[in-house]
Amino acid sequence: MVVSIFTTMFNIQRRRQNSIGNFIKIFFISIFLCLLAFLTTVNPVYCLILNFCIPFLLVFLQSSRFNPKGYFSYAMLFIFLELMPVPASELPRELTAVMFSVGFLVAALVLYTLIFHPSSKKELDIRFGLKELADVLEQLAEGNADYKTRGRLLDLEHKFHLTAYNNHKFIPVHNSHTKLYDMFSILFQRAAYLVHDTTWQTEMDAEHIRELQELAEFLRYASQNINTRNNDPLIRQARVFLNEMKDADGRLRIFFRSFLHMLILIFRYITTEDTIGARWNKICWAELSVHIKRICSLESLEMRFALRFSIIMTAGCAVNAFVNVTHAYWIPLNAFLLLQPDYEESAHRMKTRPIGTIIGCCVEYLVYPLLPGIGWKLLFAVAMLCLMYCATPGTWNHPIFSTCYALTLASMTMNETLAIELRVVYLLLAVLLVFIVNRFFFPTRRETQFRCNIKELLRLHNSYWELIKESMTHHTDISVSSEILSLFHMTYEQAVDYIKKPGIPFDPEYCRQVMLTLWHMFSELEQIEYLLQTNSIDRKCYPDLYHIADRIQKQIYPSCTNLAWDDLHLQDLGDDLSYVLEQYMKNAKRLIQLHVTSLYPKRYHLVRS
């Protein structure tokens, strides 16, 4: 059991940027969960309480809408150790096995990093990002940028936002690493917006083309010379390039200046390491408060899945603890593997796992009698285990190998036919349990999640206007805007992924128009915040901008049905700000025309009737 747990944990952790602190956390959490798993076997009360509370807390603290399976490895550790109980006299041996496995896991992760990622992942990602941006700017200069280029930029933006978001779990702390990834996401967003906004291209002359080519050349040079020690030469070159930049039209002027300013911040922050105190001060408390309120609501994916997970594990483990039947632990074990945060994926596994299990039972029934001795049986079990790790979880062929492995070991201590019968019966009971809970208790479908995401995008839109208002009265740290930007773009990508799926109950083209309009509006908000951060707006315009922000907030969210902005005089706010606000107003009116509130979620019911 321990081998399976830490093999899965290695497969998950190897994709992440690990540190000594992360290894220490894995060690202590593993020991703590091992002790809790032992407590569940002490008496029935502990069993019921812990099987409800621990899965619930693991989902809450380790998972999110954008990393829904973050709970899996630790939940697997707790549940698997619980299902293979040991007497109190054997607990030290089990703890020793867990400690040894954690040590082996750490050694394997370090070795994997040295072989496959010898350089800093942060440095490699940034070099890659700069090179990609250089290629895109060259395409812009040559007039070859199209929707594919924009899609490429948005994919990169999403990748960097996801990396930044996954650096924290429950508490949104932005250190120098997360800042870097968020800054790169902003660069990709600005370049993508420039690609999509074709109005400036009709006025682009030879001088603009030269500037784009020079910027692309500088980015390519920076991708080869950037480092984590000292980037002062690159910062000086960027400042010279910024000072020599020819005044372009409104759109290009904003792009060049904002792009280079952000680039200078990246060159600076890649050499920065935050102290613990500095990280604590960079918690986005306002968003954390909203985040806690959201996930504590019965409308949140985290809350609903946590409750389903707790109910299923409590019921399954109670059967295992109170019903004196051999191998009853196969019921909660199968239920754990069948239950998924995504309702549709869970339903898919309830079809594929029985198919694979029945095929595996047939293979075992034919092969097991042909194995001459204990040595061959163990060799066959190991071979099936290796093939199981090679197969993709959730597919029909994955259960074939896990079934053969489990039945081979079980048949050494009991009748082979009985083991096969129990395997099938227990699986069907697990399917029934998961089906009932998924169907009737706190269901979450992709359609409902999409509706919630649309409303969340508009809420984040209002949060960014609030940030703009705060920036007019005092300096706001970039980590605050980064948190809102990350949440917006992660939510946006999740909604876009849903639109791409076949058979959705909405017009895909209509949904794409809504999403594109929301993306444009948020890009324009980010540009307004940039103008404030760089003191590019005359302070005399602050009262008017504050009034506009306050008015838009009241009309955009939550109703988004009535816009009365005809009396606003945007031309008095300066060239750059008036240009961005005019574009914003056009997109906001288009959003109203699209009746975006029709996509708002219908009220959830606690239990499906």
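Derivation of every value follows stated rules applied to the coordinates shown; laboratory data play no part. Not measured: the values here are computed from a predicted model. So basically every Cβ, Gly included, is an ideal-geometry build from the backbone, and we count neighbours across all protein chains shown.
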Just check the range 1-118 against the gyration tensor rule for me: Cα atoms, a ≥ b ≥ c as the square roots of the eigenvalues, rounded for a/c under 1.5, and otherwise prolate or oblate depending on whether a/b exceeds b/c.
-> oblate
How big is the gap, in Å, between the Cα center of the range 8-83 and the Cα center of the range 444-476?
-> 31
Ranked packing of 125-136, 36-47, most packed first, by mean Cβ within 10 Å = 125-136, 36-47
Could you list, in their original order, any pairs among K159/K501; K159/K351; K69/K159 whose Cα atoms are separated by more than 24 Å?
-> K159/K351
For R210 paired with V325, estimate the spin-label separation in nm (one decimal), with each label point 7 Å from Cα along the Cα-to-Cβ line.
-> 8.3
Would you mind checking which residues have amide H under 5 Å from F441's amide H? H placed 1.01 Å from N; only 5 or more apart, or other chain.
-> R608
